[in-house]
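In what follows, a single structure is set out as structure tokens and then discussed.
The values are calculated or read from the model by the stated rules, or taken from the named source; none is laboratory data. Source: prediction; values computed, not measured. Cβ placement follows ideal geometry from the backbone for every residue including glycine, while neighbour counts extend to all protein chains displayed.
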Ligand SMILES: [Ca+2]
Ligand SMILES: [Ca+2]
Ligand SMILES: [Ca+2]
């Protein structure tokens, strides 16, 4: 019954992904996208595409006796070879907030694009050397701008359901940006994702129900789990999904946009005849997972992803915990030691001075943040460098994507890019031999009110964008 109802609500639009823009040859084609009509009552619309770009991960060659060290040559310096088809505020579909490529951010003159209102979210989809910048304003309206060779062209943007964090794609002719809407009457805080090469869709609703839509048959399968209503749907190159589950209000902190936090994590395998929950991690009370996504990255380069979560409770505050995909705890960091104190996990990248893979975090971003870098050693996660003065989250905001990793100054070593505590500057925080330092600091001429958006261009260069409280989208793009 549910299947029949939902099918009737879907507005399919298959668009071929093989077309290329005539006057811009040899560029990777953008994502297929669909034109959405104005949202009907109930706002049921979905974009369906035929192809999906594989997830790129940093090279991760390691010596077996040094599991957390990778050679400097493994630092990701080039854009993924496959065109990117969707833009996420958390940069990568596996939740890792990293932009590939080598940028020249400190030396670029920013381009300020006036908006029709105050921005809330920014997305960036690379189209060769062009970038489609998508903006969701704080009143829910959307705008999109194609920037190429310093020229800005506003293009149409499809509507986004209220309170949905955006995932963006672009039409073949680059004349329209499309925001994915869940095919349900009342959406949760997340966008659907196209999680495999067949173009199949995963989506959820405010009740925390999770569905998989087979776009060929129209079959819809409900996964037997309750997910965090505003938890983002992560996926990997094998079409597996990883999502925070078992929502709970047992930790009275509620600083991430609502009062519910994760009580677990589910890993869903979709490749077989029936999707199955391969792993279900249950967090023991009183702890919860304080976040909207885990990080799902191969930290030690052994070819297997790990799951990183920030656990919190009223006694100890936040603590970083590392699991394998079977749900076994591999390592943990020290808890903060005081309730109502959060640590924001951002990205895993070869931040270390010798290319060591490290986790970048921000301690207490609401009350004066401190950047902290972790290394994984045996069953311990150890902080190896700290730098105060930076933030990555505004209290009570659903935006957990104000910081990201990448080599934005092009020196071959990735740094963490994030705002200063007052959000009027962006700092590039790079690891040194024995600590961390700001290797550049950029004035914003306004206050940052959105996530950071990044794009890896086909040349290997990078572009960065941010929305400001004065109604400006500021873009650094070569
Ligand atoms: Ca929450
Ligand atoms: Ca691993
Ligand atoms: Ca760098």
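Which one is farthest from ligand 3 (Cβ to nearest atom) among residues in the stretch 218-235 that are more than 20 Å from residue 399 (Cα to Cα) and surrounded by 19 or more Cβ atoms within 10 Å (Cβ to Cβ)? Let's see the steps before the verdict.
In the first step, residues of the stretch 218-235 are kept if they are more than 20 Å from residue 399 (Cα to Cα); the result is 218-226.
Subset that is surrounded by 19 or more Cβ atoms within 10 Å (Cβ to Cβ): 220, 223.
Working: 220: 45, 223: 40 Å.
Only one residue fits best here, namely 220.
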State the number of residues belonging to the stretch 414-434 that are touching a residue at least 40 places away in the same chain (Cβ under 8 Å) and in a loop (DSSP other than H, G, I, E, B). 5
Filtered residues of the stretch 349-406 (kept if under 20 Å from the mean Cα position of the chain (by Cα), in a loop (DSSP other than H, G, I, E, B) and within 16 Å of ligand 3 (Cβ to nearest atom)): 350, 351, 357, 403
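Can you say whether residue 381 is within 16 Å of ligand 2 (Cβ to nearest atom) and either modelled with pLDDT of 95 or more or closer than 17 Å to residue 358 by Cα (or both), as far as the supplied structure shows? Spell out how you get there, then give the answer.
Working: within 16 Å of ligand 2 (Cβ to nearest atom): yes; either modelled with pLDDT of 95 or more or closer than 17 Å to residue 358 by Cα (or both): yes.
Spelling it out, residue 381 is indeed within 16 Å of ligand 2 (Cβ to nearest atom) and either modelled with pLDDT of 95 or more or closer than 17 Å to residue 358 by Cα (or both).
Output yes when any residue across the stretch 401-413 is modelled with pLDDT of 95 or more and within 16 Å of ligand 1 (Cβ to nearest atom), and no when none is.
If we filter the stretch 401-413 for residues that are modelled with pLDDT of 95 or more, which is where we start, we get 401-413.
Filter once more, keeping what is within 16 Å of ligand 1 (Cβ to nearest atom): 401.
Checked the stretch 401-413: at least one residue is modelled with pLDDT of 95 or more and within 16 Å of ligand 1 (Cβ to nearest atom).
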Using the structure shown, decide if residue 187 is surrounded by fewer than 17 Cβ atoms within 10 Å (Cβ to Cβ) and either within 16 Å of ligand 1 (Cβ to nearest atom) or closer than 23 Å to residue 120 by Cα (or both). no
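Looking only at the stretch 98-118, count every residue that is within 16 Å of ligand 3 (Cβ to nearest atom), surrounded by 16 or more Cβ atoms within 10 Å (Cβ to Cβ) and outside any loop (DSSP other than H, G, I, E, B) and tell me the total.
Of all residues in the stretch 98-118, those within 16 Å of ligand 3 (Cβ to nearest atom) come to 98-108.
From what is left, the residues that are surrounded by 16 or more Cβ atoms within 10 Å (Cβ to Cβ) are 98-103, 105, 108.
If we keep only those that are outside any loop (DSSP other than H, G, I, E, B) too, we end up with 98-102, 105.
So the count comes out to 6.
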Residues of the stretch 436-460 being in a loop (DSSP other than H, G, I, E, B) and surrounded by 22 or more Cβ atoms within 10 Å (Cβ to Cβ), which ones? none
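Go through the stretch 425-435 and count every residue that is surrounded by fewer than 21 Cβ atoms within 10 Å (Cβ to Cβ) and touching a strand residue (DSSP E or B) at 6+ places or on another chain (Cβ under 7 Å).
Matching residues across the stretch 425-435 total 2.
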Of 137, 127, 108, 146, which residue is farther than 28 Å from residue 294 by Cβ, free of Cβ contacts under 8 Å to residues at least 24 places away in the same chain and in contact with a strand residue (DSSP E or B) (Cβ under 7 Å, 6 or more places away or on another chain)? 137
Is it the case, given these coordinates, that residue 252 is at pLDDT below 95 and under 22 Å from residue 164 (Cβ atoms)? no
Failed condition for residue 307, given (1) within 16 Å of ligand 3 (Cβ to nearest atom); (2) in contact (Cβ under 8 Å) with a residue 60 or more places away in the chain; (3) in contact with a strand residue (DSSP E or B) (Cβ under 6 Å, 6 or more places away or on another chain), with all others met? (1)
Whether any residue in the stretch 253-263 is under 15 Å from residue 307 (Cβ atoms) and within 18 Å of the chain's Cα centre (by Cα) is what I want to check. yes
Strands (runs of 3 or more DSSP E) wholly inside the stretch 232-336 containing at least 1 residues that are at negative phi and within 16 Å of ligand 1 (Cβ to nearest atom): 241-245, 264-269, 306-312
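So which of 285, 334, 274 ends up being more than 16 Å from ligand 2 (Cβ to nearest atom), without any contact (Cβ under 8 Å) to a residue 60 or more places away in the chain and under 22 Å from residue 236 (Cα atoms)? Working first, answer last.
Values: 285 fails: under 22 Å from residue 236 (Cα atoms); 334 fails: under 22 Å from residue 236 (Cα atoms).
Only one candidate passes the filter, namely 274.
The rows are residues; the columns are (1) out of contact with any helix residue (DSSP H, G or I) (no Cβ under 8 Å at 6 or more places or on another chain); (2) in contact (Cβ under 8 Å) with a residue 60 or more places away in the chain; (3) surrounded by fewer than 18 Cβ atoms within 10 Å (Cβ to Cβ).
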{"site": "157", "(1), (2), (3)": "yes, no, no"}
{"site": "160", "(1), (2), (3)": "yes, no, no"}
{"site": "165", "(1), (2), (3)": "yes, yes, no"}
{"site": "174", "(1), (2), (3)": "yes, yes, no"}
{"site": "182", "(1), (2), (3)": "yes, yes, no"}
{"site": "194", "(1), (2), (3)": "yes, yes, no"}
{"site": "197", "(1), (2), (3)": "yes, yes, yes"}
